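Taking it in order: structure first as structure tokens, then the write-up.
The values are calculated or read from the model by the stated rules, or taken from the named source; none is laboratory data. It should be emphasised that the depicted structure is a prediction, and the values quoted were computed from it without experimental measurement. Cβ placement follows ideal geometry from the backbone for every residue including glycine, while neighbour counts extend to all protein chains displayed. Just so you know, the surface numbers come from the protein's heavy atoms only, side chains and all, with ligands and any DNA or RNA stripped out. Shrake-Rupley method; radii C 1.70, N 1.55, O 1.52, S 1.80 Å.
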Amino acid sequence: MSTPYLDALFSLGGRRALVTGGSSGIGRAIAEALGRAGAAVVLMARRPDPLGAAAEELRAAGCTADWVAADLGDRAALRAGADEVVRRFGEPDILVNAAGVNPRPPMGELSTAEWDHTMAVNLDAPFLLGQRFGPGMAERGWGRILHIASQQAVRAFGNSGAYGVSKAGLAALTRSQAEAWSRHGVSVNALAPGFVRTPLTEAVFADPARTEAVARRTMAGRNGELTDFAAAAVFLTGPGASYVTGQTVFVDGGFSVT
């Protein structure tokens, strides 16, 4: 049962949230968590059909949800998508950057095109959306920005390549945005997952031996589930996180400290 005390700490009632990558994986899980906590959620990704299906699932779960399709790797398309979000739903109070790509060739085989696309989606888009919405949040005196980082922000393994660089940059962007806007009521943080079954980790989970080896490296003794991110996301995007900013929070069963 909701109580005034818990609402004051965690309720997102009356807030608007934009979640990139919200049609699948961790973005989809976070979108549902924010919607269940009371936020009106807008999903953004490239493909309309998965977006529409995800929004329908969220509405069936009792959430207020809609979607806007935009290619986050294309600056003009991203700008147009952000403008459409504002036109249709108003300025967001919460921005979650969960969209990502993860090409994993050996470093010596990584093409310039793969590098550029990875940086465009994983790092440039969060920067550009922050520039679009962060100043407005600061002017209104309240906002939350949450990035989805990675273990590879702090360690290289498994051909981290461009992906690891982009996620390390995202952790640094978190600090820079926090420095710019936290004094104006905008908390900016990142979540760093452990190994979780998502479209980006299908290759790992296709190998049972490798999957079990990764699970053994955690303190919790298991790999992550999408539901593991709900509580952390609701907290970091809610009223109780006003003094938590500039942080990369590892939600990984202890993997990062073993």
Which order do the peptides 196-202, 145-151 take when ranked by the mean count of other beta-carbon atoms within 10 Å per residue, highest first?
145-151, 196-202
Yeah, region 109-164 with a ≥ b ≥ c from its alpha-carbon gyration tensor (a/c under 1.5 is rounded, else prolate when a/b outruns b/c, oblate otherwise) is oblate
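When the accessible area of region 153-194 is computed with all protein chains present and a 1.4 Å probe, what percentage of it is carbon and sulfur?
Numbers: 780 of 1520 Å².
C and S atoms contribute 51 percent here.
Taking a probe of 1.4 Å, how large is the accessible area per residue of region 35-133, in Å²?
46 Å²
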Angle between the chain longest axis and helix 25-36 axis [Cα atoms, degrees, rounded to 10]:
20 degrees
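Please give the direction-averaged projected area of the C-alpha convex hull for region 85-127, in square nanometres with one decimal. Kindly include the intermediate steps, with their values, before the conclusion.
Values: hull surface 15.6 nm².
In nm², the orientation-averaged hull projection of region 85-127 is 3.9.
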Share of region 67-148's accessible area from carbon and sulfur, percent, 1.4 Å?
53 percent
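Going by accessible area, probe 1.4 Å, with all protein chains left in place, what is the ranking of 3, 237, 112, largest first? Let's see the in-between values first.
Details: 3 50, 237 0, 112 100 Å².
Ranked list, largest accessible area first: 112, 3, 237.
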Probe 1.4 Å, heavy atoms of protein chains only: per residue, the accessible area of region 161-258 in Å² is 47 Å²
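Explain nothing, just the number: relative contact order of the chain, from Cα pairs under 8 Å at least 6 residues apart, as a whole percent.
Working: 519 pairs, mean separation 52.0, N = 258.
It rounds to 20 percent for the chain.
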Accessible surface of region 11-66, 1.4 Å probe, proportion on carbon and sulfur as whole %
42 percent
Can you show me the helix-derived [θ] at 222 nm for the chain, built from DSSP H runs with n ≥ 4 at -39,500 (n - 2.57) apiece and divided by the number of residues, rounded to the nearest 500.
-13500 deg cm²/dmol
Please work out, to two decimal places, the log10 of the ratio I(q)/I(0) at q = 0.07, 0.13 Å⁻¹ from a Debye calculation in which every Cα of the chain carries one identical scatterer.
-0.22, -0.79
What angle, in degrees between 0 and 90 and rounded to the nearest 10, separates the Cα long axis of helix 125-140 from the longest principal axis of the Cα atoms of the chain?
30 degrees
So how tilted is helix 75-89 from the main axis of the chain? Cα-based, degrees 0 to 90, rounded to 10.
30 degrees
For residue 184, tell me the accessible area in Å² from a 1.4 Å probe, rounded to the nearest 10.
90 Å²
For region 83-108 and region 1-62, distance of Cα centres in Å:
14 Å
Cα-only Debye scattering, region 141-258: base-10 log of I(q)/I(0) at q = 0.11, 0.15 Å⁻¹
-0.39, -0.69
